[in-house]
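Written below as structure tokens is the structure these notes are about.
The values are calculated or read from the model by the stated rules, or taken from the named source; none is laboratory data. In this text, all values refer to a predicted model and were calculated from it rather than measured experimentally. So basically every Cβ, Gly included, is an ideal-geometry build from the backbone, and we count neighbours across all protein chains shown.
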Amino acid sequence: MKHIPDYVIFDLETTGLDTDNDAVIEISALKVAGGEIVDEFSTLVDPQMHIPYSASSVNGITDDMVKGAPVMETALRDFLDFIGNSVLVGQNIRRFDLMFIGRDAERFFGKTINNDYVDTLFLARRYLPELESHSLESLAYHYDISYEGAHRALADCHINKLVYDRLAEEIANPSEAALKLKACPVCGNLLKKRTGKFGDFLGCASYPDCKYTRDC
């Protein structure tokens, strides 16, 4: 695994955590080339539904704020144009952000999202096994990165970019503890020892989303 210098880092804010039924209310992204930010994308999204207080209390986005914002079909088309075929980077994007984007891309355009991606949550688990939490907030605290403005999509992109830069140092010089861990070559999450019908094997911690296995 290696750090890549060219990518798009992105983040969503949503009406909730249900990737089947909740809606996107903000999309932001930073285009990075040679490790430097060269462009940005950010828009509120009208979810065409009430934004629950539980969501607004976290991200500060209210029904009044999204009035007049583009609906998801329009916002997503612009976002897909922005990312093109770039590698996508983000925190917990495999199980959250990509689920929303993939769902709506299929719904509106009948297409799947096939971009390669790097999930910084998986990287942090792989290279910082000593941390009790690998949330973006915990990683920012660990690296002494300001968490001001967090839980708005564009601010989270900037924080996550700084975290990814620091994780590059862990990838280049892994700790002894990190060297002992094994990562899934498909999704990047950790491999865990499991016992099956035919004995012990290593399976991806993302199962059932990722079904990669190998012998111990």
Residues satisfying the stated conditions in segment 205-216, i.e. loosely packed, with under 14 Cβ neighbours inside 10 Å and assigned to a strand (DSSP E or B): R214
Sole residue being more than 26 Å from G34 (Cβ to Cβ), touching a residue at least 40 places away in the same chain (Cβ under 8 Å), surrounded by 12 or more Cβ atoms within 10 Å (Cβ to Cβ) and not assigned by TED's automatic domain parsing to the domain that holds E13, chosen from L202, L190: L190
Selection within segment 173-187 - surrounded by 14 or more Cβ atoms within 10 Å (Cβ to Cβ), within 20 Å of the chain's Cα centre (by Cα) and not aliphatic (A, V, I, L, M): C184, C187
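Condition check ((1) under 30 Å from H142 (Cα atoms); (2) in contact (Cβ under 8 Å) with a residue 60 or more places away in the chain) across all residues:
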position	(1), (2)
A33	yes, no
H50	no, no
G90	yes, yes
E106	no, no
The listed residue being modelled with pLDDT of 95 or more and closer than 19 Å to N115 by Cβ, out of V24, V45: V24
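Outside any loop (DSSP other than H, G, I, E, B), more than 16 Å from the chain's Cα centre (by Cα) and within 16 Å of L154 (Cβ to Cβ): which single residue out of V38, V8 fits that description?
V38
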